[in-house]
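Below is one structure; the comments refer to it alone.
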Amino acid sequence: MPSLNPRQAEAVEHTGGPLLVIAGAGSGKTRVITRKIAHLIRAHGVPAHAIVALTFTNKAAREMKARVGTLLKGGSGRGLKVSTFHTFGLNLLRREVEGAGLRLGFSLFDAEDAATVLKEHLREHALADAVTPAAALARISRWKNDLMEPARAASTADDDFEAMLADLYGRYQQSLTAYNACDFDDLIARPVRLLRDDRDARERWQNRIRHLLVDEYQDTNGAQYELVRLLVGPRGAFTVVGDDDQSIYAWRGARPDNLARLRDHYPTLRVVMLEQNYRSSARILKLANGLIGHNPHLFDKRLWCDLGPGEPARVLVCRDEAHEAERVAAEIQHTHLTKDRPYGSIAILYRSNHQARPFEQALRALSVPYFLSGGTSFFARAEVKDVMAYLRLLANPADDAAFLRVVNVPRREIGPTTLQRLAAFAAEGELPLAAACADPLLGEHLPKRQLGRLAELAGLLAEQRSQAQAAANPVAAVRALVERIDYAGWCRDNAPSRAAAERRMDNVADLLDWLERLHREAAADAAKDAGSAAGTRLSDLVARLTLLDVLERQDEAEGGDRVHLMTLHAAKGLEFPHVYLVGMEEALLPHRSSLEEAEDAAARPETVADTDTGADTGADTGAGQTGIQEERRLCYVGITRARQSLTFTRARRRRRYGETVTCEPSRFLAELPAAELHQPDSTQRSDAEARAHGSAQLAALKGLFTDR
DNA sequence: TTCTGTTCTGTTTTT
DNA sequence: CAGAACAGAA
């Protein structure tokens, strides 16, 4: 095992008080975190279960746990708590249910469920034209991340529109309470409120945790900052690791200034900077430094490395997106065949998911194995959500969002009119929809036939619920349910093709396997943790499943030797020997929305001053530059994923909304130090290329086949 | 209530 | 251009 450099060692050994590690890209922060956990356990005798490490993705959590496990061979790492913020919040809520204003078996709403609830409210108040559910949800999410209750949001709203949204926020929150549900943001905000208001609970949690570690700290939002502060307590035994240059989640509420804020709250905070890069060649690092030098900084750090200079990076200028993809694919295949370059050592990184398509096609045409991450999430698939909704309904009869999803799946001939009447009746009696179905008084509002159908559904749900609760293994009961509603039959009748139907059923089978696996894990946990009642089991499994995502599934397919395709966001935390950073164009890499934002800000120079922290960073940020700065960091993240070789590509034209548009090179290309760049293409070919453009397809095909 | 053809809308990034 | 939402017919 390589030894630590002095800075890394300092970070590992400083256990006396609060510590902030500013870890540059590729500076070995993972090693520092894992070594530090091992150090706490071995040298300081801290029991593993008193150490909590928080991450942002399940994958990061799993990896960290595995690494600590190998470091501590004797099993002294058993009981170590490594989880994502959200999973941690979920577990806390389960233990403190009533304090958090929930009942056991509560549902976890994802963005789609939340949107359904909001849509209903918007329709009710004839506001459907004023806001989209997604936009309203984004605003509500920001309020929640700033720990603002609906009442305060309403009182601080400075125009009618905001006031309307604040009102909507209040209604939305009421609905969640009625449904015994919470959303993703609540998994953080509710624990914060609880720990803040309930001194007993606060002290209990603070005593349980001897040391708290947070990875990717620059991604924390306002609520997460508070959560960390409350968990850590006055003792302030924590280690947070982050890099302001890799802050790429401001759009979902991340506040990179949380890094700087720590100094005010913890006067004894020690700051350690890791500036030696162990990943990339000197040229790649120079490019990265050159680019990020255009941004203002919270912390002044200079990355250096003593690896060799490496190959120069290239910029490939392509005709259009198909050409771009074909060139990259052909080159990948070529280097694989001639230079023995494993496919698994190569990544294609892009700004947004839809850019993946041409690359998929090109790679497939050459039979190059690839692995696509992101896209439509497994858990976003209709069939998976259907079954999940049934599960939620079994665990939590009050979950109206789930009820609405499954009420007519499979077909039960219950239409909008019937539902409307049912909803009205339920609202009047303040009943959940599922309970209203079985209510004796419902008969007064509905014709017999519809009534019978609803009663039948209610009966089915009640019966399956008691079975699931009685069974030692609720998954078996779930399988029985899927059988009973003949979901397979519904897929067959409903899918566009036979193959699609089979795919759907495969996904359902996968889902059930996941449930089984989680159940086994939970059962193992429950052995030492007597507190889990039988009724909570299923709901817990479902909630965990909601927090899981594609990345989890990927591991199964990840095995083989495949080219990785992913967004820049998904690439954070990873590294590849060879990286293609594609689509280096204005409106694509500084994304269109960030450009528009900058334009807006320039058009009205009196930007509304953000009434927040007051923690002045001293960075001179030009009007509307923040979005572009984040795009620049995104580009920086992409560059710093590369170990040995880096290739940028851009297209001159691109099809967009079915039309062909010309594309300008990204400003970030111009910001890179030219000395480190090699542009094999002469730019004067544009005439010939313009002529060739008409027969682009033919040319592309020729290119494909002459290469073999 | 469901099916089917039609219009229209849209492309950040995700726990 | 492609999927989703929608409106009208059976």
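The values are calculated or read from the model by the stated rules, or taken from the named source; none is laboratory data. From a predicted model like this one, the values you see are computed outputs, not experimental measurements. Every residue, glycine among them, receives a Cβ derived from its backbone with ideal geometry; neighbour counts consider all protein chains shown. The area values use the complete protein model at the heavy-atom level, side chains included, leaving out ligands, DNA and RNA. Shrake-Rupley method; radii C 1.70, N 1.55, O 1.52, S 1.80 Å.
Of all the residues in the stretch A:5-21, those that are in contact with a Ser or Thr (Cβ under 6 Å, 6 or more places away or on another chain) and among the basic types (K, R) number 0. Of all residues being more than 26 Å from A:L102 (Cβ to Cβ) and of a type in the set (G, A, S) in the stretch A:398-436, which is nearest to DNA strand C (Cβ to nearest atom)? Just the residue, please. Checking each candidate, the answer is A:G415. Reported count of residues in the stretch A:629-653, each being within 16 Å of DNA strand C (Cβ to nearest atom) and under 28 Å from the mean Cα position of the chain (by Cα), is 0. Among the residues of the stretch A:151-171, are any away from DNA strand C (no atom under 16 Å from the Cβ), in contact (Cβ under 8 Å) with a residue 40 or more places away in the chain and assigned to a helix (DSSP H, G or I)? Within the stretch A:151-171, one or more residues are away from DNA strand C (no atom under 16 Å from the Cβ), in contact (Cβ under 8 Å) with a residue 40 or more places away in the chain and assigned to a helix (DSSP H, G or I).
For the stretch A:155-183, how many residues meet the condition of being among the small types (G, A, S) and either closer than 19 Å to A:G105 by Cβ or crowded, with 21+ Cβ neighbours inside 10 Å (or both)?
Just the residues of the stretch A:155-183 that are among the small types (G, A, S), to begin with: A:155, A:157, A:163, A:166, A:170, A:175, A:178, A:181.
Imposing the further condition that a residue be either closer than 19 Å to A:G105 by Cβ or crowded, with 21+ Cβ neighbours inside 10 Å (or both) reduces the set to A:166, A:175, A:178, A:181.
Number of matching residues: 4.
Of all the numbered requirements in (1) surrounded by 20 or more Cβ atoms within 10 Å (Cβ to Cβ); (2) among the aromatic types (F, W, Y); (3) within 20 Å of the chain's Cα centre (by Cα), A:F238 misses one, and that requirement is (3). Within the stretch A:184-208, being open to solvent by 10 Å² or more (accessible area, probe 1.4 Å) and touching a strand residue (DSSP E or B) at 6+ places or on another chain (Cβ under 8 Å) holds for A:F184, A:R190. For the stretch A:391-422, a residue qualifies if it is of a type in the set (S, T, Y) and under 20 Å from A:Q173 (Cα atoms), but none of them does. Does at least one position in the stretch A:81-93 carry a residue that is assigned to a strand (DSSP E or B), more than 27 Å from A:T15 (Cβ to Cβ), at pLDDT 85 or above and of a type in the set (S, T, Y)? Looking for residues that are assigned to a strand (DSSP E or B), more than 27 Å from A:T15 (Cβ to Cβ), at pLDDT 85 or above and of a type in the set (S, T, Y), one finds none in the stretch A:81-93, hence no. Reported count of residues in the stretch A:34-61, each being at negative phi and part of a loop (DSSP other than H, G, I, E, B), is 4. In the set (1) β-branched (V, I, T); (2) in a strand (DSSP E or B); (3) at pLDDT below 90; (4) more than 16 Å from DNA strand B (Cβ to nearest atom), A:T649 fails one condition alone, (3). Taken over the stretch A:326-357, the criterion of being at pLDDT 90 or above, in a helix (DSSP H, G or I), farther than 22 Å from A:V637 by Cβ and under 29 Å from the mean Cα position of the chain (by Cα) is satisfied by A:A329, A:Y343. Please verify whether the stretch A:94-107 includes one or more residues that are at pLDDT 80 or above, open to solvent by less than 40 Å² (accessible area, probe 1.4 Å), at negative phi and assigned to a strand (DSSP E or B). Yes - at least one qualifying residue is present in the stretch A:94-107.
Can you tell me which of A:A523, A:A527 is in a helix (DSSP H, G or I), modelled with pLDDT under 80 and more than 27 Å from A:F184 (Cα to Cα)? Working first, answer last.
Working: A:A523 fails: more than 27 Å from A:F184 (Cα to Cα).
Result: A:A527 is the single residue among A:A523, A:A527 that is in a helix (DSSP H, G or I), modelled with pLDDT under 80 and more than 27 Å from A:F184 (Cα to Cα).
As a summary of the residue check, A:F371 satisfies the conditions (1) touching a residue at least 24 places away in the same chain (Cβ under 8 Å); (2) in a helix (DSSP H, G or I); (3) in contact with a helix residue (DSSP H, G or I) (Cβ under 8 Å, 6 or more places away or on another chain) except for the one numbered (2).
Just a yes or no: is a residue in the stretch A:376-391 among the hydrophobic types (A, V, I, L, M, F, W, C) and touching a strand residue (DSSP E or B) at 6+ places or on another chain (Cβ under 7 Å)? No, the stretch A:376-391 contains no residue that is among the hydrophobic types (A, V, I, L, M, F, W, C) and touching a strand residue (DSSP E or B) at 6+ places or on another chain (Cβ under 7 Å). Here A:A136, A:A126 are screened, and the one residue that is among the aliphatic types (A, V, I, L, M) and part of a helix (DSSP H, G or I) is A:A136. Any chance you could count how many residues in the stretch A:486-500 are modelled with pLDDT of 75 or more and more than 14 Å from DNA strand B (Cβ to nearest atom)? The total comes to 3.
A quick yes/no check of all residues on (1) in contact with a Gly (Cβ under 8 Å, 6 or more places away or on another chain); (2) open to solvent by less than 20 Å² (accessible area, probe 1.4 Å); (3) under 25 Å from A:P410 (Cβ atoms); (4) assigned to a loop (DSSP other than H, G, I, E, B):
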position	(1), (2), (3), (4)
A:E428	no, no, no, no
A:L431	no, no, yes, yes
A:A434	no, yes, yes, no
A:L441	yes, no, no, no
A:L446	no, yes, yes, yes
A:R449	no, no, yes, no
A:R453	no, no, yes, no
A:L457	no, yes, yes, no
A:E463	no, no, yes, no
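Go through the stretch A:62-80 and give me each residue that's in a helix (DSSP H, G or I) and either surrounded by fewer than 21 Cβ atoms within 10 Å (Cβ to Cβ) or hydroxyl-bearing (S, T, Y) (or both). I'd like the intermediate steps shown before the answer.
Going residue by residue through the stretch A:62-80, those that are in a helix (DSSP H, G or I) are A:62-71.
The answer is A:R62, A:E63, A:K65, A:A66, A:R67, A:G69, A:T70, A:L71.
One residue stands out in the stretch A:492-518 among those that are closer than 12 Å to A:V384 by Cα and within 16 Å of DNA strand C (Cβ to nearest atom): the one that is surrounded by the most Cβ atoms within 10 Å (Cβ to Cβ), namely A:R504. Applying the condition of being open to solvent by 30 Å² or more (accessible area, probe 1.4 Å), modelled with pLDDT of 85 or more and in contact with a helix residue (DSSP H, G or I) (Cβ under 7 Å, 6 or more places away or on another chain) to the stretch A:108-149 and asking which residue is farthest from A:L90 (Cα to Cα) yields A:R139. Just to verify a result, which residue in the stretch A:250-284, among those that are under 24 Å from A:E631 (Cβ atoms) and free of Cβ contacts under 8 Å to residues at least 40 places away in the same chain, is farthest from the chain's Cα centre (by Cα)? Ranking the qualifying residues of the stretch A:250-284, first place goes to A:R255. Picking from residues in the stretch A:654-676 that are in contact (Cβ under 8 Å) with a residue 40 or more places away in the chain, assigned to a strand (DSSP E or B) and under 31 Å from the mean Cα position of the chain (by Cα), the one that is nearest to DNA strand C (Cβ to nearest atom) is A:R655.
Can A:R67 be described as in contact with a helix residue (DSSP H, G or I) (Cβ under 6 Å, 6 or more places away or on another chain) and farther than 30 Å from A:R190 by Cβ? Please lay out each step first, then the result.
Numbers: in contact with a helix residue (DSSP H, G or I) (Cβ under 6 Å, 6 or more places away or on another chain): yes; farther than 30 Å from A:R190 by Cβ: yes.
For A:R67, the condition - in contact with a helix residue (DSSP H, G or I) (Cβ under 6 Å, 6 or more places away or on another chain) and farther than 30 Å from A:R190 by Cβ - is met.
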